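So the structure is just underneath, and the comments pick up after that.
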Amino acid sequence: MQQAQAAIILLAHGSRDPLWRQPIEAVAAHIRASQPLLAVRCAYMELCEPGLPAALAELAALGAARISIVPLFVGAGRHVRDDLPRQVQALAQAHPHIDLRLQPPIGEDDRVTALMAEIAASTTIY
């Protein structure tokens, strides 16, 4: 198997409802289709598997040297502000050979805000 040098972990909250995961997995599928050499995994903060440590371990086993962790959160609540940075710091110490980059929550990206506004406005009935 070809080693993955760069990888992405799409991190979401998690839910007991298995249907909840579909949009997250659809994002991963889009990335795989557009960038087949980029390893991508989904991970969840709680309520379903895999968790962030397991997803990172899988990518490390594939040879990932750089992993970007992308929180698929609209806003930065307690998990994103407090729990996640501590968890990523601990994972970075446990895997010093991997360059881990925690990205801002996707909802803070102006492009996401603009797209959500466009979608919401297009549903308005006059």
Check your understanding: What pairs can you find where one residue is in region 97-126 and farther than 30 Å from Ala64 by Cα, the other is assigned to a loop (DSSP other than H, G, I, E, B) and of a type outside the set (Ser, Thr, Tyr), and their Cβ atoms are less than 9 Å apart, with a gap of 6+ or different chains?
Key -> Met116/Val74
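Looking only at residues in region 50-85 that are among the β-branched types (Val, Ile, Thr) and at pLDDT below 95, which one is nearest to Leu102 (Cα to Cα)?
Start the filter on region 50-85 by keeping residues that are among the β-branched types (Val, Ile, Thr), which leaves 67, 69-70, 74, 80.
Cutting the leftovers down to at pLDDT below 95 gives us 74, 80.
Numbers: Val74: 15, Val80: 10 Å.
Out of the qualifying residues, it is Val80.
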Check your understanding: Can you tell me which residues in region 104-117 are part of a helix (DSSP H, G or I) and surrounded by 10 or more Cβ atoms within 10 Å (Cβ to Cβ)?
Key -> Ile106, Gly107, Glu108, Val112, Thr113, Ala114, Leu115, Met116, Ala117
**Study point:** Residue satisfying condition, being surrounded by 15 or more Cβ atoms within 10 Å (Cβ to Cβ), within 18 Å of Ser15 (Cα to Cα) and in contact (Cβ under 8 Å) with a residue 24 or more places away in the chain, within set Leu72, Leu59
**Key:** Leu72
Check your understanding: Where residues in region 23-49 are open to solvent by less than 50 Å² (accessible area, probe 1.4 Å), free of Cβ contacts under 8 Å to residues at least 24 places away in the same chain and in contact with a Leu (Cβ under 9 Å, 6 or more places away or on another chain), which of them is nearest to Gln87 (Cα to Cα)?
Key -> Ala28
**Study point:** For Asp82: the one exception among (1) in contact with a strand residue (DSSP E or B) (Cβ under 9 Å, 6 or more places away or on another chain); (2) surrounded by 11 or more Cβ atoms within 10 Å (Cβ to Cβ)
**Key:** (1)
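The values are calculated or read from the model by the stated rules, or taken from the named source; none is laboratory data. Bear in mind the structure is a predicted one, so any value in this text is a computation, not a measurement. For neighbour counting, all protein chains shown are included, and Cβ atoms are generated from backbone atoms with ideal geometry for every residue, glycine included. Note: areas computed on protein heavy atoms with side chains; ligands, DNA, RNA excluded. Shrake-Rupley method; radii C 1.70, N 1.55, O 1.52, S 1.80 Å.
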